[in-house]
1. Show me, bin by bin at 10 Å from 0, the whole-percent P(r) of the stretch 167-213 based on Cα pairs.
2. Report the residue, chosen from P132, P33, P73, that carries the largest GNM mean-square fluctuation when the chain is represented by alpha-carbon nodes joined by springs under 10 Å.
3. With unit charges on the beta carbons (Lys and Arg positive, Asp and Glu negative) and the dipole taken about the Cα centre of the stretch 111-215, which residue among A212, H201, F124 sits farthest to the positive side?
4. Let me check against my output: what whole-number percent is the relative contact order of the chain, with C-alpha pairs under 8 Å and at least 6 apart?
5. What trypsin sites (Lys or Arg not before Pro) in the stretch 181-239 are in a loop by DSSP, with at most 14 other Cβ atoms within 10 Å of the Cβ?
6. At 1.4 Å probe size, put E174, E17, E37 in order of accessible surface, largest to smallest.
7. Which loop-located GluC sites (Glu not before Pro) does the stretch 210-281 contain, where loop means any DSSP state but H, G, I, E or B and the Cβ has at most 14 other Cβ atoms within 10 Å?
8. Take every Cα-Cα pair in the chain and report what % of them are more than 31 Å apart.
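The values are calculated or read from the model by the stated rules, or taken from the named source; none is laboratory data. Nothing here was measured: the structure is a model prediction, and the numbers come from that model. Please note: Cβ atoms are built from the backbone with ideal geometry, for glycine as well, and neighbour counts cover all protein chains shown. For accessibility, only protein heavy atoms count, side chains too; no ligands or nucleic acids. Shrake-Rupley method; radii C 1.70, N 1.55, O 1.52, S 1.80 Å.
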Amino acid sequence: MDSPKTLLEAINYFQNEQVCIDAVAAMRWADGPVCPECEAPKPYYLDAQKRWKCRECRIQFSVKRGTIFEDSPISLTKWLPALWLLCNCKNGVSSYEIARDLGVTQKTAWFMLQRLRLVLKSGFAGKLEGGPIEIDETYVGGKLVNMHKDKKARYQQRGGMHGKTAVMGMLDREARKVRAKVIPDIKRETLQNEILNQVEHKTTVYTDGATAYDNLAKNDFVHETVTHIEEYVRGEIHTQGIENFWSLLKRGLKGTYVAVEPFHLDRYIDEQVFRYNNRATKDNPLTDADRFTLALSQVANKRLTYAELTGKLERSEA
C-alpha cells in the first residue's frame, strides 16, 4: 500500500515505528535529512537507535527534533493516528476517546491534542479582497445556570455577554475560506480594526445590522447589511455562510468538548477552521488522506510545552 486512504488503513500502515519515521522525514526534508544544529546535509542513519548522526558536528537527532513531537516519549505510532482523527472528525474528537483508542491516559491525550491543534493553525497570507466577504461575531461559552458557583463567579467578573468569549469570523465566498479568532470585545473600534487589518479597501463586505459596523463605507468598503429583526437574506446579501461556520464550531464545542476555557479557545477555533477550509467540495474534492498529509506537512518548527499550555510558564516568569 502506497499510502493510507481510510482510518483502518492508516492504523495498519502506521503500526510500524520506522514507517512513521519515514513518513514524517519525507514531509520535513524533501531533499533528504538535514542536521538541525549545523544544517549539514546527508547525515547517516543509526538503525538500532532510529535516529541520524551528523557527519560534521557529530550530534544525534531523531525525526521528532524541531517538530511538535519533540521531547515526547509517545511513539509516532500513536501520534499519527491521533492526527488523522483530529483532521477528519467533523465535530472533533475528545481526549477521553483518544485515551481509550490509543491506550494512554486522558491527561496525555489532552496534551497531545492541544499540540496537534497548534499544527493545524495556518497563517493567513495577505488580506482578503474582491469579495463578497461575510463578517460576523459570536459569543462562545456555557450557560450560567449549568455552571459551578466558582466558575459562574469567574464568568460574571469578565462581563460581556454573561462573561462569554467573543469570536470574530470572516468568510470569503469566492475562495470558500474562513478566518476566525478570539477578540477582546465587540466594540466598534475592535471590530473595525480587525476588518482594516484583514480586508483590502474597496472590497464588498456583508454584515448584520449591528451598529459596530457603521461607517465601513466611509473607510472605502462596499458595505451591505441585513437587519435580522426584519430579514435574513436579501438577494445575495446575507451572513448565512459565516453563521454556518459558527454552528459547526459550537456543535463541536458543546457536543464533543463540552467545556472549553477561554484560555484555550483559540486552538479549538484553529482546529475547526482547518477542517472547514479543507473540506471536500466539487471544485476541490479533498479526501481524509489529503487533510492528513497537509497537516503532517505543518509539524515542523512548532513547539508547545505543558508549562506554556497550562499558563505555568507565564505565572513563574511574572
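1. 23, 62, 15
2. Of the options given, P73 has the highest mean-square fluctuation.
3. Most positive-ward Cα: F124.
4. 21 percent.
5. Here the trypsin sites (Lys or Arg not before Pro) that fit, given the DSSP loop and packing criteria, are K187, K202.
6. If we order E174, E17, E37 from most to least accessible, we get E174, E37, E17.
7. In loop regions of the stretch 210-281 (DSSP not H, G, I, E or B), the sparsely surrounded GluC sites (Glu not before Pro) are E230, E231, E236.
8. It works out to 41 percent of all Cα pairs.
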